[in-house]
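Notes follow the structure.
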Amino acid sequence: MTSLISTATKFLPFSVRRALDTSLALVGLIALSPLFCLAAIGIRLSSPGPIFYRAARIGLNGCRFTMYKFRTMHTEQRTLKSRITADKDPRTFALGALLRRLKIDELPQLVNIVKGEMSIVGPRPEDPYFVENNYTEDGFETLQVLPGLTSPGSIFYYTHGEKCVGSSDPEAAYVEHVLPVKLALDLVYIREASLLYDLRLILRTIRVLVWVFAGRTDFPDPPEMKKIPMATVKPQSGRTAQSPFVAAEVQNSVAGSESHVVPHLRSLETPYNQ
């Protein structure tokens, strides 16, 4: 099967974009190393267990990869093991909640960027369970580009969506109210991608993080919301489109590492999202 060409690189040669991503990620890893050390020490003192959490995610062309995060949950959990972390989730320890709120827990994904599995800007990589069970044809289009640290959809989830999943069934709330909007917003990015757009999204992300740190809780809708056909923003629960990437036993390589195009996403389920 021919690998799909990333529409988000049409404005810039892939090698140049890759070099920029890698350079920024390396600079970030060096500059933020003191914060990494503080987070690691805090996690170790706050909760027994590993410092990092490795999550299975679906990336470019439907390939599975391991995404790195700082661990924010207790390792021994007797409560509901949901894949979605609800607001004030009891599985999260105090420091972990702070790391999540300020998105410090996502910083280890700079390593994923260096490895070529992610980009600075791109749709957030999704749990295999939701890709298998809830993606439509439009959703699968987001797998044509490298996933990223930030995107219109991830910013929306940060400012709006996390409030929607603070229910007794956060997974159902996520599928009904958040996932369709996230995917639609990220499709706007994919179809209008440019270097300037990337820079605007990076600046928007920094601005939102500063506002959250300052205590702001209410945010306007993202500008991409006006470009979403309302017919596409509807619950996708129970609907599964046939992925163009679910081709049995077809191998693919992402940035030189051996990966497989996902033949059976259901087998890649992770028990919960830390």
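The values are calculated or read from the model by the stated rules, or taken from the named source; none is laboratory data. In this text, all values refer to a predicted model and were calculated from it rather than measured experimentally. Backbone-built Cβ (ideal geometry, glycine too); neighbour counts: all protein chains shown.
Which of the residues that make up segment 193-228 are without any contact (Cβ under 8 Å) to a residue 12 or more places away in the chain and outside any helix (DSSP H, G or I)?
If the condition is that a residue be without any contact (Cβ under 8 Å) to a residue 12 or more places away in the chain and outside any helix (DSSP H, G or I), then ALA214, GLY215, ARG216, THR217, ASP218, PRO220 are the ones that fit.
Residues of segment 14-50 being out of contact with any Leu (no Cβ under 9 Å at 6 or more places or on another chain) and farther than 30 Å from LEU199 by Cα, which ones?
ILE41, ARG44, PRO48, GLY49, PRO50
Return the residues of segment 117-139 that are of a type in the set (A, V, I, L, M, F, W, C) and touching a Gly at 6+ places or on another chain (Cβ under 8 Å); say none if nothing qualifies.
Scanning segment 117-139 gives MET118, ILE120, VAL121, VAL131.
Picking from ARG83, ARG64, ARG54, which residue would you name as being touching a Phe, Trp or Tyr at 6+ places or on another chain (Cβ under 7 Å), within 30 Å of GLU132 (Cα to Cα) and at pLDDT 95 or above? Step through it out loud before you land on a result.
On the way: ARG83 fails: at pLDDT 95 or above; ARG64 fails: touching a Phe, Trp or Tyr at 6+ places or on another chain (Cβ under 7 Å).
Unique residue meeting the criteria: ARG54.
Residue by residue, here is whether (1) surrounded by 24 or more Cβ atoms within 10 Å (Cβ to Cβ); (2) in a helix (DSSP H, G or I); (3) at pLDDT below 90 holds:
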| position | (1), (2), (3) |
| --- | --- |
| GLU132 | no, yes, no |
| LEU143 | yes, yes, no |
| GLY153 | yes, yes, no |
| PHE156 | no, yes, no |
| HIS160 | no, yes, yes |
| GLY166 | no, no, yes |
| ALA173 | no, yes, yes |
| VAL178 | no, yes, no |
| LEU185 | yes, yes, no |
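ARG83 fails exactly one of the following numbered conditions: (1) more than 26 Å from LYS115 (Cα to Cα); (2) part of a loop (DSSP other than H, G, I, E, B). What is the number of that condition?
Going through the list (1) more than 26 Å from LYS115 (Cα to Cα); (2) part of a loop (DSSP other than H, G, I, E, B), ARG83 breaks only (1).
Given (1) part of a loop (DSSP other than H, G, I, E, B); (2) free of Cβ contacts under 8 Å to residues at least 24 places away in the same chain, identify the lone condition not met by LEU98.
All conditions are met except number (1).
Of everything in segment 57-92, what is surrounded by fewer than 18 Cβ atoms within 10 Å (Cβ to Cβ) and out of contact with any strand residue (DSSP E or B) (no Cβ under 6 Å at 6 or more places or on another chain)? Give them in sequence order.
THR75, GLU76, GLN77, ARG78, THR79, LEU80, LYS81, ASP87, LYS88, PRO90
May I ask you to list the residues in segment 32-76 that are charged (D, E, K, R) and part of a strand (DSSP E or B)?
ARG54, ARG57, ARG64, LYS69
Look at ASP105 and say whether it is touching a strand residue (DSSP E or B) at 6+ places or on another chain (Cβ under 9 Å) and either surrounded by 23 or more Cβ atoms within 10 Å (Cβ to Cβ) or more than 20 Å from LEU201 (Cβ to Cβ) (or both).
Spelling it out, ASP105 is indeed touching a strand residue (DSSP E or B) at 6+ places or on another chain (Cβ under 9 Å) and either surrounded by 23 or more Cβ atoms within 10 Å (Cβ to Cβ) or more than 20 Å from LEU201 (Cβ to Cβ) (or both).
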